[in-house]
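First comes the structure, then the notes that go with it.
The values are calculated or read from the model by the stated rules, or taken from the named source; none is laboratory data. Predicted model, so just to flag it, every value in this text is computed and none were measured. Reconstructed Cβ throughout: ideal geometry from the backbone, glycine too, with neighbour counts over all protein chains shown. Note: areas computed on protein heavy atoms with side chains; ligands, DNA, RNA excluded. Shrake-Rupley method; radii C 1.70, N 1.55, O 1.52, S 1.80 Å.
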Amino acid sequence: MTKNHQTEEKTCDENSTTCSSGQSAHAPKGLPPKSKIDVKHVILVLSGKGGVGKSTVSVNLATALSAHGRIVGLLDLDIHGPNIPKMLGIEDQRPAVLANSLEPVHVTGTLAVMSMAFLLPDTSTPVVWRGPMKMAVIQQFLNEVNWGSLDYLVVDLPPGTGDEALSIVQQAPNLRGAVIVTTPQDVAVLDAVKAIKFIEKLDLPVIGIIENMSGMICPHCGDIIDLFGRGGGEKAAHDLGVPYLGSIPLDPEMVKAGDEGRPYILRHADSPTWRAVDAVMENLVKIVES
Ligand SMILES: Nc1ncnc2c1ncn2[C@@H]1O[C@H](COP(=O)(O)OP(=O)(O)O)[C@@H](O)[C@H]1O
Ligand SMILES: [Mg+2]
Ligand SMILES: [Zn+2]
């Protein structure tokens, strides 16, 4: 999951204005049409900065939704650091190639995953792509993956406000909005505010804010220790007039689960952290399905 930017880059530099193909970077070449993917609710998971637990939240939210009878697709659009497959222990799997489509990797009968990681020769190879190339790959992920009929497509995005978010907003049908993940620290909350402004510019509703790593579960007694303070996410939600979906504590077991490739929520049913994830999921469902 560490990104190695030291090794040689595969294509042209995103920051330069031209590349080997001679095309100008970021020149939009006609927008792709809306995808015909069969999905009731598309949910974006966003944050202003990395490391706040976006991917962890995406995995656990998708798992919780599927455990509650929804048919869920999880789309990992973190093209530069796709780590969802590792978190789910499916990094060695590859989507089956069918006549005109790709079969996503099925984690359970109701949870299917597609990730850049499946298409890269190895995840330590950094990918440096221009905007239009990202748009093309996102178009393929929506249109050429055999998702079937989904209730939810949960989309894990890279940190910040870049091409991936723009592309998915242009192409995804039934986009219900974005969930913002933040941590209690002031700087992370500020970043969440930035992400919210970006989403509002796109005319996309903010489904709500989730405060992750909100207090810590003591490994000894299971109580919550107030490590970095709590409540920043809730305050930001209140100040910005967007819903607050709830908080998820920092749980050492969550780190272990991520490293071992099993979603936390499957292993620790009925722990305080599980209940926190479940409550966040229920709040989201209330907003999205009402
Ligand atoms: N609630 C949590 N409790 C404990 N560890 C967490 C929690 N949320 C995230 N982490 C850990 O923090 C690190 C960064 O999380 P990740 O989901 O990759 O962040 P992002 O996708 O925002 O970059 C990972 O090692 C993950 O296991
Ligand atoms: Mg991530
Ligand atoms: Zn304790």
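Odds and ends about this structure:
- The residues of the stretch 168-197 include none that are without any contact (Cβ under 8 Å) to a residue 40 or more places away in the chain and more than 21 Å from residue 287 (Cα to Cα).
- Residues that are within 9 Å of ligand 1 (Cβ to nearest atom) and open to solvent by less than 70 Å² (accessible area, probe 1.4 Å) within the stretch 236-263 comprise 248, 249, 250, 251, 252, 253, 254, 257, 258, listed in sequence order.
- The one condition in (1) outside any loop (DSSP other than H, G, I, E, B); (2) surrounded by fewer than 19 Cβ atoms within 10 Å (Cβ to Cβ) that residue 222 fails to fulfil: (1)
- Filtering the stretch 39-62 to residues that are modelled with pLDDT of 95 or more and among the small types (Gly, Ala, Ser) leaves 58, 62.
- Scan of the stretch 230-265 for residues that are more than 18 Å from residue 282 (Cβ to Cβ), out of contact with any Ser or Thr (no Cβ under 9 Å at 6 or more places or on another chain) and part of a loop (DSSP other than H, G, I, E, B), ordered by number: 241, 261, 262
- Any hit, the stretch 110-119, residues being open to solvent by 30 Å² or more (accessible area, probe 1.4 Å) and away from ligand 2 (no atom under 16 Å from the Cβ): yes
- Lone unmet requirement of (1) polar (S, T, N, Q); (2) surrounded by fewer than 18 Cβ atoms within 10 Å (Cβ to Cβ); (3) modelled with pLDDT of 85 or more for residue 124: (3)
- Check on residue 31, modelled with pLDDT under 90 and either more than 16 Å from ligand 1 (Cβ to nearest atom) or touching a His at 6+ places or on another chain (Cβ under 9 Å) (or both): yes
- Checked against the criteria, residue 194 does not count as more than 15 Å from ligand 1 (Cβ to nearest atom) and among the basic types (Lys, Arg).
- The selection criterion, being under 19 Å from the mean Cα position of the chain (by Cα) and of a type in the set (Ser, Thr, Tyr), holds for residue 167.
- Verdict on residue 10 being in a loop (DSSP other than H, G, I, E, B), open to solvent by 70 Å² or more (accessible area, probe 1.4 Å) and either modelled with pLDDT of 50 or more or over 24 Å from residue 159 (Cα atoms) (or both): no
- For residue 233, the test of being open to solvent by 10 Å² or more (accessible area, probe 1.4 Å), within 21 Å of the chain's Cα centre (by Cα) and more than 16 Å from ligand 3 (Cβ to nearest atom) is failed.
- Which numbered condition residue 227 misses (of (1) under 21 Å from residue 166 (Cβ atoms); (2) modelled with pLDDT under 90; (3) surrounded by fewer than 22 Cβ atoms within 10 Å (Cβ to Cβ)): (1)
- Qualifying residue in the stretch 176-185 (condition: part of a strand (DSSP E or B) and more than 14 Å from the chain's Cα centre (by Cα)): yes
- Every residue from the stretch 63-86 that is open to solvent by 10 Å² or more (accessible area, probe 1.4 Å), at pLDDT below 90 and not acidic (Asp, Glu): 80, 81, 82, 83, 86
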